[in-house]
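A quick write-up on the structure given underneath.
The values are calculated or read from the model by the stated rules, or taken from the named source; none is laboratory data. Please read all numbers here as calculations on a predicted model, not as lab measurements. Here the Cβ positions follow ideal geometry from the backbone for every residue, glycine too, while neighbour counts run over all protein chains shown. Just so you know, the surface numbers come from the protein's heavy atoms only, side chains and all, with ligands and any DNA or RNA stripped out. Shrake-Rupley method; radii C 1.70, N 1.55, O 1.52, S 1.80 Å.
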Number of protein chains: 2
Amino acid sequence: MPESPSKDASFPREEELREGIELLFFAYRDFTSDPDDILTEYHFGRAHHRAIHFIGRNPDTSVSELLAILRITKQSLSRVLSQLIDRGFVAQAQDTVDRRRRLLRLTEAGLELERRLSRPQRARVARAYREAGAEAVAGYYKVLTGLIDEAERDRVARALERP
Amino acid sequence: MPESPSKDASFPREEELREGIELLFFAYRDFTSDPDDILTEYHFGRAHHRAIHFIGRNPDTSVSELLAILRITKQSLSRVLSQLIDRGFVAQAQDTVDRRRRLLRLTEAGLELERRLSRPQRARVARAYREAGAEAVAGYYKVLTGLIDEAERDRVARALERP
DNA sequence: AAATTTTGGTCAGTACTATTGACCTGTATT
DNA sequence: AATACAGGTCAATAGTACTGACCAAAATTT
C-alpha cells in the first residue's frame, strides 16, 4: 500500500511544513500573475477573474452559490458582478422555478475572456504536470485536497467531478 | 522509473488542468483564513504576515531582498514594515559592511507572533501530509515547484534549503 | 391569508493592499 | 566629482473586502 498515510510521528518535521507553506505562497503568487496582467487591460482585478472562472465552470449558478464558493460578502460580489454584467461578460436570467434567483452565465464575450485569462494558467499547470509526471500529480491532488477545510472538501470534490 | 514525466501528449487533459487550477484556489483560500483571523486582532493584514514569515525565515534580510521575494513595491512594503517596527515586532540594524542596507530581523515579540500565526497553518499542512503520505508529499513538492516562474525556481529552491 | 424566511440588491462608511510618480538622503562605486 | 544604489517618504489612485443598515420580491410556514 504505497498510498497509506505514514504512521511515523516525526514524519512532517517542522522544516518540511514550513517548506510546504512557502511553496504554496510562491506557486500562488506566480500562478496569479499572468491573468493579473491581462485583467489590468480591462480595468478588472483578481475578483473578476474568480467570478468569471466559477460562472464559466458552473453555468446557471445563483448568486448565493457563487458567494458560498468565493467566501466573500454579497456586497463585495455585487460590485464585481454588476461591472461584469454592465460590460457584457456575464448575463443574468431569472430562474423559472424560483423567480427570486438570478442564474448567471457567461456571454460569448465572457467565454472568450475566460479562455484568454485561463490560457497562461492552463499552460503553466500543463507544463508542471508534464515535468512532474502523473504520479506526482496524484500526490499534488491528494495534498491540496487535504488542505481544504474539512467541511467543504466534499462539496469541492463534487464540484470538480460535475462539469 | 516511476517519477519520469509522462510522454503521452494527451496527458494533462483540459479538465485535469482546470481541476488543478481550482484546487489551488480552494487550498490557498482556506490556508490563509486561519492566520487572517489572528491578524485582525492586531489590526494587521496578510501583508504583515508575509513580511513576518520571510523575515523570520531569513534573519538579516535587507529591504530590497524582501521586496524581491514578495514582488511588491517598496512603497507598499514600507507601510507594512514601519508598522511592524513601530509596534516592536521587527528590528532594523545597519549592515556594517554596506551601511546603506538595513538588515531586518524579528524581535522576541515578532518570533512569538510568527509562531502564533503559523501554528494553524503548520497544523493544517501536517494533517494533509499525514493523510496523503510521504509519496504524495513528494508529488506535491514537484508540481508546486514546477508552477513557480522558471527564473525564480532556483532561488526559491535554494531559499528552502538554506534555513 | 398572514407571518416569516430566503434571496437578492443597495447605500454608506471604513480598512487593507498595492500601484505609479516624484523627490530626497545617505552610501558606495567608478 | 559623477553616477549608481539602498532606502525612505509624500501624494494620488485603484481594487478588494468588510460591517451595518435598509429594502423588495418571492417562497415557505403557520
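Contact annotation: residue pairs with Cβ atoms under 9 Å, 6 or more positions apart or on different chains, pairing a residue in the stretch A:57-68 that is farther than 22 Å from A:Leu117 by Cα with a partner that is away from DNA strand D (no atom under 16 Å from the Cβ) and of a type outside the set (Lys, Arg), are A:Glu65/A:Asn58.
Here's the yes/no breakdown for (1) open to solvent by 70 Å² or more (accessible area, probe 1.4 Å); (2) among the β-branched types (Val, Ile, Thr); (3) within 13 Å of DNA strand D (Cβ to nearest atom):
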| residue | (1), (2), (3) |
| --- | --- |
| B:Phe11 | no, no, no |
| B:Arg18 | no, no, no |
| B:Phe25 | no, no, yes |
| B:Tyr28 | no, no, yes |
| B:Ser64 | yes, no, yes |
| B:Thr73 | yes, yes, yes |
| B:Leu103 | no, no, yes |
| B:Glu108 | yes, no, no |
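Considered as a group, the residues in the stretch A:119-163 that are more than 7 Å from chain B (Cβ to nearest Cβ) and closer than 24 Å to B:Thr145 by Cβ include one that is least open to solvent (accessible area, probe 1.4 Å), and that residue is A:Pro120. Pairs are defined by a Cβ separation below 8 Å, a sequence spacing of at least 6 or placement on different chains, a first member in the stretch B:11-22 that is at the interface with chain A (Cβ under 7 Å from one of its Cβ atoms) and farther than 15 Å from A:Glu114 by Cα, and a second member that is open to solvent by 20 Å² or more (accessible area, probe 1.4 Å) and of a type in the set (Lys, Arg); the pairs so defined are B:Phe11/A:Arg130; B:Pro12/A:Arg130. Just one residue in the set B:Ala93, B:Ala47, B:Ala51, B:Ala136 is closer than 27 Å to B:Arg155 by Cβ, in contact with a helix residue (DSSP H, G or I) (Cβ under 9 Å, 6 or more places away or on another chain), within 11 Å of DNA strand D (Cβ to nearest atom) and not polar (S, T, N, Q); that residue is B:Ala47.
In summary, helices (runs of 4 or more DSSP H) completely within the stretch A:51-163 and bearing 3 or more residues that are under 18 Å from B:Leu17 (Cβ atoms) and small (Gly, Ala, Ser) occur at A:108-132, A:134-147.
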